[in-house]
Amino acid sequence: MSDPRRDFETWLGGELRRPAQLDPGSRARIMQRVRTEARTEARTVERGRASARGNRRGWVAGQVGALLAAGVAGVLALGTIDRLNGAGSDTAGRPVAAASIRDTLRLVRFVLAAPTASSVALVGDFNGWRAGATLLAEGEPGTWTAAVALAPGPHRYAFVVDDTQWVTDPIAPVIADSGRPSSTLFVEGSR
């Protein structure tokens, strides 16, 4: 009796080693887009360096965009592999690998109203409680947001305002065990 998981892993390994077949103009279009994004990123970083306060929101937005683009490219590549082979699909016709990636993490949007803040960071068990790991961007004046991909399960977090003030989420349960108080949320898994 064969092991379906082993069969899938063998199939996926073979597909990942196979060279992708692209139309002749796709490489030029992709490289042009990369060059354009790199120039835009360089300008954004330069503007951020010129800022007297050292604001890194533009740099973070560029990094998030690059990561999202890489993720989308990966999922599209898996879908292309599936269409080329006609294999590796579940009964609904979705690529199995793409379905498992999509079901692994959930995108959670964190929002904090801090009208007088000049910077807000998100700290939690998902980023090692490092204040520089996840910076929030100011959307509407005084409203700070960040979207973070989290694994299903419980998570503890807090906001750090202006690199000094530790703030719990006013709309989430607070835990005040040892150390600083933090908020908690539970991310549901796939259904």
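Coordinate-derived values only; no laboratory data. Not measured: the values here are computed from a predicted model. Note that each Cβ is placed from the backbone with ideal geometry, even for glycine, and that neighbours are counted across all protein chains shown.
Data overview
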read-out	value
Separation in nanometres of the label points that stand 7 Å from Cα toward Cβ, at ARG29 and THR143	3.5 nm
Relative contact order (%) - segment 133-191, alpha-carbon pairs under 8 angstrom, separation at least six	30 percent
Separation in nanometres of the label points that stand 7 Å from Cα toward Cβ, at GLU37 and ARG180	3.3 nm
